[in-house]
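Accompanying notes for the structure given below.
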Amino acid sequence: MENEILFDEFQDYVTKNIIPFFSGDTRKRFKIYFHELIKWNKMFNLISYKNKADLIYRHFCDSLYSAKVISDIVNRKTSSLLRVRVADIGTGSGMPGIPVKIALPDIQLTLVESITKKCKFLENVNDKLGFDTEILNKRVEELGQLPSYRQQYDFVLSRAVSKFSPNLEISIPLLKVGGYFIVHKTKNSVESADEGLPSVENALKHLGAKLEKIISYNLPNQELNYCILVFKKYKDTPMQFPRKTGIPEKNPLK
């Protein structure tokens, strides 16, 4: 009963504040994902959360802001989600990618995760949810140099906490020209002179992308202010990017 009340509140919050579409199938799949996360988190350290409400609001709701951005952009172009290719890099426990897929089941989703045990969890959830999500146990830097993945995606998502410049370098090569990189950040991290937006202006020029918008929002019972940054790719990324594994992190573009 407690979980049903929590999911009633979750559904009400999402439809009023993030996306208006939340079907019975959407709710059913979020409950499956919710229970699998709790179960597997007892075996592996997949995700940090204080309580069940924190898991739903800090993680599920935050992830759904990516679904809102994708839906708004696709609807603006009056095109179909059926052909939309989305990659979630360094997905970990599957966020934001799995909540986005639950909300927008027609998208073609690729989850990229380098840690094998996390990929096993993702494969389990993919099966339980009845999805055909592609799960890649690889480093993102490797994918960016493979013709079957380089410049093949309409959207790339990131909710990882890695440094900003390396994150841009490994993500933008995966995007088609005209595609979007959607990255989740806190407002404080975005404004940081050392690792926020001011630090990546030249990196964006190298990679062929520019900031299109920032969407700020708050989440229930959370002290931090959150935002999504939406970057648009306007030209081909030079072939030398991404550089080999480890180099973007050790020697960020400036």
How large, in percent, is the carbon and sulfur part of the accessible surface of the range 44-152 at a probe radius of 1.4 Å?
-> 46
Cβ-placed point charges (K, R +1; D, E -1), dipole of the range 81-124 about Cα centre in debye, nearest 20 = 60
Going toward the positive end of the dipole of the range 1-91, with +1 on Lys and Arg Cβ and -1 on Asp and Glu Cβ, which of Gln11, Ala87, Asn45 do you reach last?
-> Ala87
accessible surface per residue for the range 1-111, probe 1.4 Å, DNA/RNA/ligands not counted, whole Å² -> 44
Placing +1 on each Lys and Arg Cβ and -1 on each Asp and Glu Cβ in the chain, then taking the dipole about the Cα centre, the residue among Leu204, Leu157, Pro105 whose Cα reaches farthest towards the positive end is Leu204
Rounded to whole Å and sorted largest first, what semi-axes of the equivalent ellipsoid does the C-alpha gyration tensor of the range 1-117 yield via the square root of 5 times each eigenvalue?
-> 23, 19, 11
Reciprocal mean inverse distance between Cα atoms of the chain - Kirkwood radius, Å = 18.4
Accessible heavy-atom area order of Glu201, Glu9, highest first, probe of 1.4 Å | Glu201, Glu9
Per the rule of 0.36 nm per residue minus the C-alpha distance, extending Glu2 to Lys52 adds in nm 17.0 nm
How large is the accessible surface per residue of the range 153-238, computed with a 1.4 Å probe and reported in Å² as a whole number?
-> 43
Quick tally, 1.4 Å probe accessible area for Thr186, Thr237, sorted with the most first, runs Thr186, Thr237
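The values are calculated or read from the model by the stated rules, or taken from the named source; none is laboratory data. Bear in mind the structure is a predicted one, so any value in this text is a computation, not a measurement. Reconstructed Cβ throughout: ideal geometry from the backbone, glycine too, with neighbour counts over all protein chains shown. Calculation scope for accessible area: heavy atoms of the full protein, side chains included, ligands and nucleic acids excluded. Shrake-Rupley method; radii C 1.70, N 1.55, O 1.52, S 1.80 Å.
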